[in-house]
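Some notes on the structure that comes next.
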Amino acid sequence: MYEKFLKTVNDEHLIVPGSRIGIAASGGVDSMVLMNVLYRLTGGKNLYCLHFEHGIRGWESVRDMEFVRENAKALGIPFICARMDIPERVMQTGENLEAAARRYRYAFFANISKKYNLQYVATAHHADDVVETFLLNLLRGSGMAGLSAMRIRREPNIIRPLINISREEIEQYAAENEISFVTDSTNDNLDYTRNFLRKEVVPKLKELNPNLTEAVRRTTTLLGEDEYSLFKIESQIFEEIASETQEGLEIDIDKLLSQHIGIQKRVIRHSVLKVAGSLVDFEMKHSNAILELANNRSVGKRFILPGKCYCTVGYGKLIIKRDNEIAVDNTEVDFEIDKEIRIAGKSLLSEVVTAPQSFPALHEAVQFADPLPLEGALVRTRRSGDLFKPVGMEGYKKLSDWFIDEKIPQDKRDLIPLVVKENRVLVIGGHAVSEDAKVQPGQQLALRIEVKEQE
């Protein structure tokens with residue numbers, strides 16, 4: 001495996017000798033092997049161990065941090081750590097947990113690179129990660145950028161020296177060289193899509209094509225080349241037709257619509273990223289809605305976008321702005337029966353009653369649920385990543401998609417009380433009950449849940 005690592009470094013001219021390198025070390029087998037091979041390559045000179053303690057897994061996160069610290073100390077590598085309570089942070093912002101952790105982690109890398117003049121930050125992504133990320137983004141309906149996301153280099157200074165090495169090779173190297181590591185307890189949880197792909201889907205695909213990893217790697221390389229070419233074109237056109245303002249930016253509609261439809265959508269995504277700072281939850285339907293505004297010249301009509309921004313039209317310009325008027329209630333309280341819970345201008349009341357013979361239709365102020373699944377639940381308003389299972393449906397769908405399907409007005413969605421466990425919505429207050437919390441046939445008691453405007 002080490003020879004394969006060296007070949008990648010040499011063939012790709014990945015590391016200039018004598019450079020200062022940060023090692024992104026989580027404590028898992030991949031990153032501990034990365035630390036080992038980089039130590040062998042450099043003799044330990046100009047290496048820095050970087051660890052981001054995100055607080056997502058409680059005591060496990062702290063354990064991982066101390067493990068990495070001790071291993072770096074044993075090798076004489078400076079240990080640099082940042083700690084942040086990401087779950088607490090996303091409670092305030094409503095951002096997707098995984099996206100927030102990734103964003104703050106890379107921001108940490110950028111800050112440390114500047115402070116310590118690091119030419120590179122090496123991450124431990126490997127060949128199997130390329131396959132899993134490709135399939136994950138394929139399932140999401142990603143375009144070229146998503147399908148080619150896992151590249152050997154990422155701007156400004158991220159490198160992935162293990163990108164051509166499989167997880168099996170990494171684990172074998174760790175065993176042969178007695179490299180210790182910690183294990184994330186969530187790795188075997190098949191509720192996580194990536195874990196399901198890794199353990200269930202990828203092995204089946206490899207039965208069809210034993211060279212799956214190389215096939216995906218070849219595809220992502222080709223897509224990456226095309227994506228970069230189109231990115232240069234979109235960036236040039238963006239500079240020609242868009243102008244930044246204090247609150248966002250404006251795009252000349254005539255010049256936008258004179259472009260090919262594919263370039264139009266790329267410029268729109270480029271623009272939303274500029275204003276919102278992220279494309280998390282931004283989908284093709286949003287691009288289509290913005291283009292509809294532009295084509296119809298719908299002056300005064302406002303379309304709310306993910307990332308707390310909106311799009312409107314005025315004087316021949318497509319305007320994308322940060323929406324400082326969107327007020328989201330980030331309160332989160334324990335769900336308790338017979339207690340009035342006040343949130344987002346609403347009162348949520350609950351009581352145990354005899355189960356009714358018939359149940360209210362969707363969008364009625366009163367809904368009925370099974371009390372048992374609601375034990376230990378929380379009440380809050382919506383957040384990115386929330387999922388809902390409508391009654392009679394086997395799988396989950398995005399809460400945002402349910403709102404769209406049910407034609408819930410944009411300006412009402414952040415004001416609906418939700419009864420949730422993690423990102424699973426059990427009750428949409430005043431609207432619906434999940435399949436997971438519905439009253440079962442023959443059940444004697446039910447929980448009556450009513451939503452009222454606060455007096």
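The values are calculated or read from the model by the stated rules, or taken from the named source; none is laboratory data. Worth saying up front: this structure is predicted, and the values here are computed from it rather than measured. Here the Cβ positions follow ideal geometry from the backbone for every residue, glycine too, while neighbour counts run over all protein chains shown. Just so you know, the surface numbers come from the protein's heavy atoms only, side chains and all, with ligands and any DNA or RNA stripped out. Shrake-Rupley method; radii C 1.70, N 1.55, O 1.52, S 1.80 Å.
A few notes on this one:
- Every listed requirement among (1) within 17 Å of Ala355 (Cβ to Cβ); (2) out of contact with any Phe, Trp or Tyr (no Cβ under 9 Å at 6 or more places or on another chain); (3) open to solvent by 10 Å² or more (accessible area, probe 1.4 Å); (4) of a type outside the set (Lys, Arg) is met by Val439 save one, (2).
- Among residues of segment 49-74 that are within 21 Å of Tyr106 (Cα to Cα), those with a beta-carbon under 6 Å from a residue that is of a type in the set (D, E, K, R) at least six positions away or on a different chain give the pairs Phe52/Arg105; Glu53/Arg83; Gly55/Asp85; Ser61/Glu53; Met65/Glu53.
- Annotation note: of Thr213, Thr193, Thr220, the sole residue that is under 18 Å from Leu136 (Cα atoms), touching a residue at least 12 places away in the same chain (Cβ under 8 Å) and touching a Phe, Trp or Tyr at 6+ places or on another chain (Cβ under 8 Å) is Thr220.
- Among the residues of segment 60-74, those that are hydrophobic (A, V, I, L, M, F, W, C) and surrounded by 15 or more Cβ atoms within 10 Å (Cβ to Cβ) comprise Met65, Phe67, Val68, Ala72.
- The condition of being open to solvent by 40 Å² or more (accessible area, probe 1.4 Å), under 19 Å from Gly277 (Cβ atoms) and at pLDDT below 90 holds for only one of Arg89, Arg57, that being Arg89.
- The residues of segment 349-374 that are open to solvent by 50 Å² or more (accessible area, probe 1.4 Å), in contact (Cβ under 8 Å) with a residue 60 or more places away in the chain and not in a strand (DSSP E or B), listed by number, are Phe359, Leu362, His363, Glu364.
- Meets criteria (in contact with a helix residue (DSSP H, G or I) (Cβ under 9 Å, 6 or more places away or on another chain), surrounded by 14 or more Cβ atoms within 10 Å (Cβ to Cβ), part of a strand (DSSP E or B) and touching a residue at least 40 places away in the same chain (Cβ under 8 Å)) for Val419: yes
- Checklist (1) under 23 Å from the mean Cα position of the chain (by Cα); (2) under 25 Å from Ile304 (Cβ atoms) applied to Lys421, failing item: (2)
- In segment 207-220, residue farthest from Val29 (Cα to Cα) [restricted to those that are open to solvent by 60 Å² or more (accessible area, probe 1.4 Å) and in a helix (DSSP H, G or I)]: Leu208
- Matching residues, segment 420-431, being farther than 18 Å from Ile337 by Cβ and either at pLDDT below 95 or out of contact with any strand residue (DSSP E or B) (no Cβ under 8 Å at 6 or more places or on another chain) (or both): Glu422, Asn423, Arg424
- Some residue of segment 396-408 being open to solvent by 40 Å² or more (accessible area, probe 1.4 Å), closer than 21 Å to Lys339 by Cα, without any contact (Cβ under 8 Å) to a residue 24 or more places away in the chain and outside any strand (DSSP E or B): no
- Matching residues, segment 206-246, being charged (D, E, K, R) and over 30 Å from Ile165 (Cα atoms): Lys232, Glu234, Glu239, Glu240, Glu244
- A single member of Lys255, Lys265 is open to solvent by 70 Å² or more (accessible area, probe 1.4 Å) and over 19 Å from the mean Cα position of the chain (by Cα), and it is Lys255.
- Remark: pairs (first residue in segment 132-157, closer than 23 Å to Lys114 by Cβ and touching a residue at least 24 places away in the same chain (Cβ under 8 Å); second residue among the small types (Gly, Ala, Ser) and open to solvent by less than 50 Å² (accessible area, probe 1.4 Å); Cβ separation under 6 Å; 6+ apart in sequence or on different chains) = Arg151/Gly224; Asn157/Ser113.
- Candidate set: segment 286-303, residues that are open to solvent by less than 40 Å² (accessible area, probe 1.4 Å) and aliphatic (A, V, I, L, M); chosen: the one nearest to Gly141 (Cα to Cα): Ala289
- Restricting segment 96-117 to residues that are open to solvent by 30 Å² or more (accessible area, probe 1.4 Å) and polar (S, T, N, Q), the residue that is farthest from Arg382 (Cα to Cα) is Asn117.
- For the condition β-branched (Val, Ile, Thr), farther than 25 Å from Asp386 by Cβ and exposed (fewer than 13 other Cβ atoms within 10 Å of the Cβ), Thr183 qualifies.
- Every pair of residues 6+ apart whose Cβ atoms lie under 6 Å, when the first sits in segment 437-455 and is touching a residue at least 24 places away in the same chain (Cβ under 8 Å) and closer than 14 Å to Ala365 by Cβ while the second is among the polar types (S, T, N, Q) and surrounded by 12 or more Cβ atoms within 10 Å (Cβ to Cβ): Ile449/Ser350; Ile449/Gln367; Lys452/Ser347; Gln454/Ser347
- Qualifying residues in segment 38-54 (those that are among the hydrophobic types (A, V, I, L, M, F, W, C) and at pLDDT 95 or above) - the one surrounded by the most Cβ atoms within 10 Å (Cβ to Cβ): Leu50
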